[in-house]
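In what follows, a structure is listed as structure tokens, so that the remarks can point back to it.
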Amino acid sequence: MDAETKRHLMIVVFGMIAALIPRYFPMLFFTTRKVPTWFNEWMNYMPVALFSSLIAKDLFVDHSYHMVFTNFNMYLAAIIVVIVAYYTRSMFLSVMVGLLSVWGFALLFAAM
Amino acid sequence: MNEHTNEPQWLKALKACLPLMISYLPIGIAAGILLKTGGFAIWMIVLVSLFVFSGGAQFLIASSIMTGTPVFTITLLLFFLELRYALLGTSLSKYLKNESKPFIFRFAFSMNDENYAVNYLKFSTDKKWSANDALMVEYFSLLSWTVGNIIGGILGTKITIDLPIVHFALTAMFLYMVTMQLKRRILFVPVIISVVVAVLAVVMLKSTLGLIVATLVAATAGYLLERYLKANYSDSAILKRIKNPRAREMEQISEAEN
């Protein structure tokens, strides 16, 4: 095994461990213990807060961690996705319409 | 409705997971192309897809190997990137109380943002959704992700993919998830707080650790506001439910199923 392959394998193994620790231990801790009611009520807010933060990062932060407020094709597509999701309740339609509109708006803005 | 209840388990999980599987393919292809460009062999791309199974992590690995970042630094970056999985596991744990430790291990091993989103929605809306169904959703998403990565690895530099546009599939999925979660007016509060705090914290920390800060701040604010309003203004308009245009239809379906 050459040095580069070894290095790549190390990245995979350490990457697996780095991903596994936060995935496994909190879950193990909270599934094997009785948790108070307030904790579960608090946890009810967790998904919506987490998904919102992921959306915010995708729309308003670029890959070098700078704020961007000019992804207009994404903002328009995002509004369309929310409307489609609200009325159809279909994840498939929401994703497909989202992809088509983000692509369409990008082409449109490039042509303008 | 018998045919519906007799539906095999794998088909039920596949149906729930299909939109995610389709979204994962192009993004997986993009990840595979980048890893190949960075010098990863195909079998290494398969290993990283199966054992790390995280879009963000694999894009980070691809860019790190291109810039020759030391393995230790990459590991540390990955750990901080993946730290938010702690929140996913914690919030799903109430649905996995009766499972064995080996099951929890397998479940945690293949959990990520996207299949968590699918499973959380199923657990919170479908009483018959089981831990095994959820694990199967994880494996279907893992399959599609790995296949995408392999295709990307084979294509290598032969094609270019517009990553920001392809990545929007996941953004759209999270937008869908938030829309489905917004059952009560008060939930707009954590959404707005989370968006504002996430942008500020991610930019200031120059790390996705900002997402954890935003999630914790927003969830705590929502929870405390609800407690405060319930104790002091129990008829407040903010506590009212949001109209669901498909609610009557869905009630009819669930009545028919019963």
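Bear in mind that the values in this text are calculations on the coordinates, not laboratory data. These numbers come from a predicted model, not from an experiment. Virtual Cβ from ideal backbone geometry, glycine too; neighbours counted across all protein chains shown.
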Distance from segment A:32-100 to segment B:121-194 (C-alpha centre basis), Å = 10 Å
Identify the residues of segment A:56-85 with backbone N under 19 Å of a label point that sits 7 angstrom from the Cα of residue B:63 along the Cα-to-Cβ direction, or state none.
-> A:56-71
Stick to the Cα atoms of the protein assembly as shown, pair each with every other, and give me the Kirkwood hydrodynamic radius in Å at one decimal.
-> 21.4 Å
Please report, in whole Å, how far the alpha carbons of chain A spread along each principal axis, starting with the longest.
-> 54, 52, 28
Please give the direction-averaged projected area of the C-alpha convex hull for chain B, in square nanometres with one decimal.
-> 16.8 nm²
Cβ density ranking, 10 Å radius, fewest first, applied to B:194, B:207, B:234 yields B:234, B:207, B:194
Classify segment B:26-67: rounded, prolate or oblate, from the alpha-carbon gyration tensor (a ≥ b ≥ c, eigenvalue square roots; a/c under 1.5 rounded; otherwise prolate if a/b is larger than b/c)?
-> rounded
Pick out, in residue order, every one of the trypsin sites (Lys or Arg not before Pro) in segment A:13-100 that is DSSP loop and has at most 16 other C-beta atoms within 10 Å; say none if there are none.
-> A:33, A:34
Determine, from the Cβ-Cβ distance of residue B:97 and residue A:75 and an R0 of 35 Å, the FRET efficiency 1/(1 + (r/R0)^6), rounded to the nearest 0.05.
-> 0.30
Between 0 and 90°, nearest 10: helix B:42-51 axis offset from chain B longest Cα axis | 30 degrees
So, with points 7 Å from each Cα along the Cβ direction, the residue B:154-residue B:239 label distance in nm works out to 5.9 nm
For the protein assembly as shown, what is the calculated [θ] at 222 nm in deg cm²/dmol (nearest 500), taking -39500 (n - 2.57) for each run of four or more DSSP H residues and dividing by its residue count?
-> -25500 deg cm²/dmol
Sort B:84, A:7 so that the residue with the fewest other Cβ atoms within 10 Å of its own Cβ comes first and the one with the most comes last.
-> A:7, B:84
Taking N as the number of residues in segment B:106-217, what is its alpha-carbon radius of gyration divided by 2.2 N^0.38 Å?
-> 1.28
Longest principal axis of chain B (C-alpha) makes with the long axis of helix B:163-181 (C-alpha) an angle, in degrees to the nearest 10, of 20 degrees
Taking neighbour counts of Cβ atoms within 10 Å as a proxy for exposure, in what order, fewest first, do B:142, B:35 appear?
-> B:142, B:35
